[in-house]
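Here's the structure we're looking at; comments come further down.
Please treat every number below as a calculation from the coordinates, not as lab data. For clarity, every value in this text was computed on a predicted model and none was experimentally measured. Quick reminder, even Gly has a Cβ in these numbers, built from the backbone with ideal geometry, and neighbours come from all protein chains shown.
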Amino acid sequence: MTALPDRPFVPKDFSLRGGGIDFLGLRWVNLTIVGRDLIPELNNVTADMGTFFLGAWIPWKFKKLCSNDRDYTEKNYQAFREKVEVALALTFRNEEGIDRKFGEVRNRVGNTQKISLPSPLSFKEAKRTKQNSLYAAAIYGPSLQYLGFIKTYHSQAKGGAKSLNIPVPADDSDALEIFRGVDASLQKASCYERLASFDATRFTQKDISQLSQVGLDPAWFRSRAYAKIKKSFRRKLLPSDSHEPGYPRTLTARLLLETVRQRPQLTVPQIRAAWYTGMFEDGKSVATSNQLLNEAATRRGKGAVRWLKD
Amino acid sequence: MGNVIEFIKLSEIFGLVSKPKFVLGTTYTLSLAFFESVIFPDIQRSHLKSCLILCDAIGHHHALSEAAALQGAAQDYMVVAAPVPGAFHSKVWLIIGEGEAVLLVGSGNLTQAGFMTNAEMFDALHFTLQAPPTPAMAASVRAFLMGLAGMWPAQDGQHLLCVETLSKMEYAFADLGASRNGDLQETRFIHSFNGPLIEQMPKEPEASDLYIAAPFFGGNIQGLAAVSSRYSSAKIHLFPAVHGGNSTDIPLSKVISTYPKASVSPLAVPQKKNAFPHLKLYGVVKNKDSAWLYCTSANCTDAAWRGTNVEAGLLRSVPRSLLSKYFTASSNKLPAAALKIDYQVDVTSVLPCWASDTGAGLDIVVAHNSRNRLPLKEVTLTIRSGSNLAICHKPVLFHEGVVVHLPWTAFAGWQRRRKIAHCLEICARDVTGKNVHAACLVENKLLLSADPIHRSAFRGALALLDAEGAPELADVAAIFTLARDVFEGHAAKVSEPKRPDSSTSQPENENQPVSIAVWPPQPDTTELRKRIGAGAFGHLQWFQKILKIFLSNEPSDDENDHFESNLAAHGDDDQESVAEVCRDEALDGAIKKAQRIWVSAYKDYTRLRDKLTHLCPTTENAPNIWAAALFALLSTLAVYRAVKRMAPDLPLGVTCDALCDDFLRAMFNERRQPDDFCCPKSLRYRSEKFPALSHDLYCTFKLRPHQDIANVILALLINRRVRVPETSLPIFQKHQINMIYPPGLVPDQHVFDTCVRVWRRYMCTDSANPPEAAFEANFKIITQCLSGVTP
């Protein structure tokens, strides 16, 4: 037991040095505030919209492939999902025949999988686990839902039995626009029929290269040819209705644009500092003509760093 | 400062009281995320009745920016803004346990900086029954507690749990008693509730030196003037903090011109050389041998020493030589620039309010002194919980007074989440049309005011049914303690039931139960409270609440998925090997924890189960037996499932089916006692073969279980039939069903739905492919056979 001194004392830091990351749980706070006020339900890996397109297309296409409830099973879904996911990850490999004219995606989910082609495409073959599936909680699973591409990750079962782990895709016009746009693009590949099926056929490197040039490489959707579905994605990402839970994302985007418009050369730390202090480094105010944006700037600045002070 | 000044972890001070009953913390600013992450988990909570944090209104406002990330705020501990005209600035921690208490007072706020990284100063006292506080100290601590409670007008206090809690803390502290003697040199707890600080400082007309170290001076020398006027003969040694390396909060030129003899320099804090010196320390040399040292929250401002701030500190008599250790000048030079702080904070648009969760909705109370701003118009109420929010718009609110109740249904789409803080925000126009806003955490008064054992049991029940994480061993044990209390009649000793009286003009229906049942969850509480007393009523209320959760709460469908995804969250796509190691370690830990939980729970259950074999029900405990026994079984089955979720391959030594069958045997079979059993004369039974409990309860006490409980028993019976199919209903099963359902009651669709739900949740071992068709078929057989069956 600590014996108390008979005089005032200086408190000693009792944080666990080297005892692991996130000792104070502040990452959680940070993520929560970022997730609530800045870019709700998303994080900074969402730069690659093509991954979202494909992640949303998989359950939609599966539903289309099923003709009845006998097809619509977890087993079939898993086989189809794994096939597309493994093929998708194969497009990240720098093999011959893969054109990178639209660059590379930043978050290459599954790029450490180990599979030699030709081969059937499954997680087992690729020595992958479901923890590094596109739909895992730590990867794109929640974001796909929060962006409104997936209604739920469970399909209702008959007679009140346990629900099936098959996502139900969204059916709004923007979501459908994206699903159909992705599908139309992938159909350009000759091996599309084999990809969009329940069959466990073998895929070659040529198949993968071909698929990658029609959108299975998510970076491909950066092309201007996909302007229409990008617009749909933008409406999903930045809703215009202020009652939408994702509306703070719109505010953040507008605030960012407004700030950069005022000072085009700002770096990210400078923007953050400007939002926090309400002024640029030369002392001029960041104030915009929009009160909502001004309030947003204050919240974003103070909310993100307040606990680091005092 | 040399080594004479100790360097102590505040976490060790919190650990001095082995089993705290009350924890009080006061602070100006606070980070509740820090508190929940670092401090609260280290507070032993097995006996903790209440933990209360009081803070400044501005600190509270800022702290709510973290609300979305909080779990226990207003659920496990209270956080309330103090309604004072000045700054609520004291940093006092009072930890009261059984026969001991610790008083910790200092300069650090409840933030990471205040507790760890800043250069702060604290002082602490440990009181025990052997070393109780002096009379003056005891009186001062109690005055502080009363002063805190008195911050709220009576009209507000009646709505506030924190006021009641402060009163309890005062009583608990008073239990420590006080020593008989005190002397003028004893340590004193000086705070603003006993008057301006400066007037409480000891008068020392001969004081030769006055040392002041503080970070804030209010941008003027008024505070310095206030303190130095008390010791006008003393030479001033001033140690202002340097802010940002380039400014101080006091006009140095004015100090020099006003006090030409004063020495002014930065303070050296060797233990924390590069830390910001946020400490507030005052030293007065009384004579050549001794000095006073005041470790406090008070900055050197007029508001702190003579104004409306709430401040506190411990004043000690120390050897004079010690002062030079605390007040050592740094070799650095003080910057001449003045710190720019906007001390003007507009709080007129802030409406003080409190909210509590009544279960059905929200009770919102506006401070009594803001009643002239009511009613509010164009009101938008936002309730936040994690990243979820729900909004309710009201054209007018508070038109009938300062209290309003809103049902949860008023918040469209609101889904209450457990184990997470709820934050209410109000934006509106007041009666004058001015914009006002209010924000507060929504208190769960039932949880906050619960006994530790009930809170623990409740937490355990939620954890057992939740897909998230694992229950704590102590929480699971608390569930069984509650079950045992009810089982043994500690919770509900009802009065002797009225026997049918032959003189009664209306004949009693012998099939109707005449005793009060423990279940259902909404009894006539007034009458029941009168009968069983408030303490037992509390037990009963929590017992019912937990049983209700066991029976009605729908757990997540994807429990296994969630557990796995939690593990997956440790991983990273590019760091699979690291993730594998993490997973292995996590799994290993989960297995060990699961084993401990199961061993403890099964041991508790076996004890209760064994009691059923030997039990001879009395009028006192008979009404509780069905409910308590089933409660224990469901708790065990819930633990079984939770443990299987945590460690699927862990051998438990018993199966779920065996547990269910054993329970049915315990309740419906005759109970043969050991061969050497000698039946006592006092027992109602006359042989070593005791009748079946269900039979005894029904025939002797006219007791059947409540229908909600009966439905679970029916599910158990059907579950057995699913495993051992039979086309007809054997006579013994008819008899069993007649023991639980009144004649003429044929289970309907609602009963079926309940049975299926309970069966799937607790009994069905093949959750991936439940034999629901077989269950339904057996339910139908029973239903058909029951039609027309009479007892």
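For the stretch A:166-273, rounded, prolate or oblate, judged on the Cα gyration tensor with a ≥ b ≥ c (square roots of eigenvalues), a/c < 1.5 rounded, else prolate if a/b > b/c?
Details: a/c = 3.05, a/b = 1.90, b/c = 1.61.
In terms of gyration-tensor shape, prolate.
Need one value for B:368-380: mean number of C-beta atoms belonging to other chains within 10 Å of its residues' C-beta atoms. Intermediate results must be reported in sequence, preceding the final value.
Numbers: counts 0, 0, 0, 0, 0, 0, 0, 0, 0, 0, 0, 0, 0.
Counting other chains' Cβ atoms within 10 Å and averaging over B:368-380 gives 0.
Under 15 Å from the Cβ of B:Ser321, count the other residues' Cβ atoms, weight Lys and Arg +1, Asp and Glu -1, and hand me the total.
Overall, the nearby charge balance is +3.
Taking the Cβ of each residue in B:Met146, B:Met151 as the centre, tally the other Cβ atoms inside 10 Å and list the residues starting with the fewest. Intermediate values should be presented prior to the final figure.
Values: B:Met146 13, B:Met151 19.
The order, fewest Cβ neighbours first, is B:Met146, B:Met151.
What's the ranking of B:78-85, B:36-43, A:258-265, A:207-214 by average number of surrounding C-beta atoms within 10 Å, highest first?
Details: B:78-85: 20.0, B:36-43: 18.4, A:258-265: 12.8, A:207-214: 21.9.
Order by mean packing, descending: A:207-214, B:78-85, B:36-43, A:258-265.
Hey, got the average number of other protein chain Cβ atoms within 10 angstrom for residues in B:114-125? Write down the numbers at each step before the final one.
Working: counts 2, 5, 6, 3, 4, 2, 4, 5, 4, 6, 5, 2.
The per-residue average across the peptide is 4.
With a cap of 13 neighbouring Cβ atoms within 10 Å, and only residues DSSP puts in a loop, list the trypsin sites (Lys or Arg not before Pro) found in the stretch A:78-113. It would help to have the intermediate numbers written out before the result.
On the way: sites: A:Arg81, A:Lys83, A:Arg93, A:Arg100, A:Lys101, A:Arg106, A:Arg108; in loops: A:Arg93, A:Arg100, A:Lys101, A:Arg106, A:Arg108.
Listed in order of number, the matching sites are A:Arg100, A:Lys101, A:Arg106.
Ranked by Cβ crowding within 10 angstrom, fewest neighbours first, how are A:Thr112, B:Thr26, B:Thr655 ordered? Show your work: numbers first, answer last.
Values: A:Thr112 18, B:Thr26 27, B:Thr655 11.
Result, fewest neighbours first: B:Thr655, A:Thr112, B:Thr26.
Could you tally the net charge around B:Glu98, taking each other residue with its Cβ under 13 Å from the Cβ of B:Glu98, Lys/Arg +1 and Asp/Glu -1?
Taking every Cβ under 13 Å from that of B:Glu98, the sum is +1.
How would you rank B:Trp759, B:Trp626, going from fewest to most other Cβ atoms within 10 Å of each one's own Cβ? Please list the in-between numbers first.
Working: B:Trp759 23, B:Trp626 26.
So the ranking, lowest neighbour count to highest, is B:Trp759, B:Trp626.
Please list, by residue number, every one of the trypsin sites (Lys or Arg not before Pro) in the stretch A:172-212 that is coil in DSSP and has at most 13 other beta-carbon atoms within 10 Å. Intermediate results must be reported in sequence, preceding the final value.
Working: sites: A:Arg180, A:Lys188, A:Arg194, A:Arg202, A:Lys206; in loops: A:Lys188.
Those that pass, being in a loop and sparsely packed, are A:Lys188.
Could you list which residues have their amide H under 5 Å from that of B:Val310, counting only those 5 or more apart in sequence or on another chain, with H placed in the peptide plane?
HN-HN under 5 Å from B:Val310: B:Ala87, B:Phe88, B:His89, B:Ser90.
Can you give the average number of partner chain beta-carbon atoms within 10 Å of each beta-carbon in peptide B:65-75, as a whole number?
Numbers: counts 10, 8, 3, 8, 12, 3, 2, 0, 0, 0, 0.
Partner-chain Cβ atoms within 10 Å, mean over residues of B:65-75: 4.
For the stretch B:235-248, just list the computed ³J(HN,Hα) in residue order, Karplus coefficients 6.51, -1.76 and 1.60, θ = phi - 60°, integers in Hz, with x standing in for Gly and Pro.
7, 8, 10, 9, 10, x, 6, 9, 9, x, x, 9, 7, 10
What is the stretch B:265-423 by shape, rounded, prolate or oblate, if you read a ≥ b ≥ c off the alpha carbon gyration tensor as root eigenvalues and call it rounded for a/c under 1.5, prolate for a/b larger than b/c, and oblate otherwise? It would help to have the intermediate numbers written out before the result.
On the way: a/c = 2.91, a/b = 2.64, b/c = 1.10.
Judged from the Cα gyration tensor, the stretch B:265-423 comes out prolate (a/c at least 1.5, a/b above b/c).
Counting other C-beta atoms within 10 Å, and keeping those with at most 10, which DSSP coil GluC sites (Glu not before Pro) do you find in the stretch B:296-404?
Values: sites: B:Glu311, B:Glu378, B:Glu400; in loops: B:Glu311, B:Glu400.
Sites meeting the loop and neighbour criteria: B:Glu400.
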